[in-house]
Amino acid sequence: QVQLVESGGGLVQPGGSLRLSCAASGSIRSIATMGWYRQAPGKQRELVALKSSGGSANYADSVKGRFTVSRDNAQNTVYLLMDGLKPEDTAVYYCYAVLSRTDGSNWYNYWGQGTQVTVSS
């Protein structure tokens, strides 16, 4: 069994900062990619930022220069530091991982339960 558990969401004023964390646990052999997606009300889920096990990062254009994704590979944890938050960043943020389990060699997509980020004055 594998779980992704997020923390760190909340209410913040425009221009403020938040840091999200996501820890993967369970029967994990290896994690290739970890990162974040988000879904605003009435919109489709969209990529925010991903980081590979090798260290390369991929960001949505809307968050480049404001958000930073990082990983602690030893702890199977991914972080998202969000600076300069805007009201349009309001969404449920989902942790995402591509990983293999100890019971085989296949790769699977896993999602966290989501954490709400609200940017409002």
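Worth pointing out:
- For residue 43, the lysines whose Cα falls under 19 Å of its own Cα, not counting residues fewer than eight places away in the same chain, are 86.
- Gyration tensor verdict on the chain (Cα atoms; rounded if a/c is under 1.5, prolate if a/b is larger than b/c, oblate otherwise): prolate
- Within the stretch 15-35: backbone nitrogen closer than 11 Å to the residue 52 label point (7 Å, Cα to C-beta): 33
- For residue 86, the accessible area of its heavy atoms, probed at 1.4 Å with every protein chain present, is near 80 square angstrom.
- The stretch 25-67 shape via C-alpha gyration tensor axes, a/c threshold 1.5: oblate
- For the stretch 78-107, the residues whose backbone nitrogen is under 15 Å from a point 7 Å from the Cα of residue 70, taken along Cα to Cβ, are 78-83.
- Put simply, when 32-43, 97-108 are sorted by average Cβ atoms within 10 angstrom per residue, most first, you get 32-43, 97-108.
- Three-way shape call for the stretch 1-57 based on the alpha-carbon gyration tensor, with the a/c threshold at 1.5: prolate
- Residue 19-residue 116 pseudo-label distance in nm [points 7 Å out on the Cα-to-Cβ vector]: 2.4 nm
- Inter-probe distance in nm under a simple model that places probes 7 Å from Cα toward Cβ, at residue 103 and residue 1: 1.2 nm
- Choice from 20, 11, 47 with maximal GNM fluctuation in the chain (Cα, 10 Å cutoff): 11
- Only lysines eight or more places from residue 51 in sequence, or on another chain, were considered; those with a Cα closer than 20 Å are 64.
- Antiparallel content of DSSP bridges confined to the chain, in %, to 5: 95 percent
The values are calculated or read from the model by the stated rules, or taken from the named source; none is laboratory data. The model shown is predicted, which means the values in this text are computed figures rather than measured ones. Cβ sites come from the backbone with ideal geometry, for glycine too, and all protein chains shown count toward neighbours. Remember, those area values only see protein heavy atoms, side chains included, never the ligands or the DNA or RNA. Shrake-Rupley method; radii C 1.70, N 1.55, O 1.52, S 1.80 Å.
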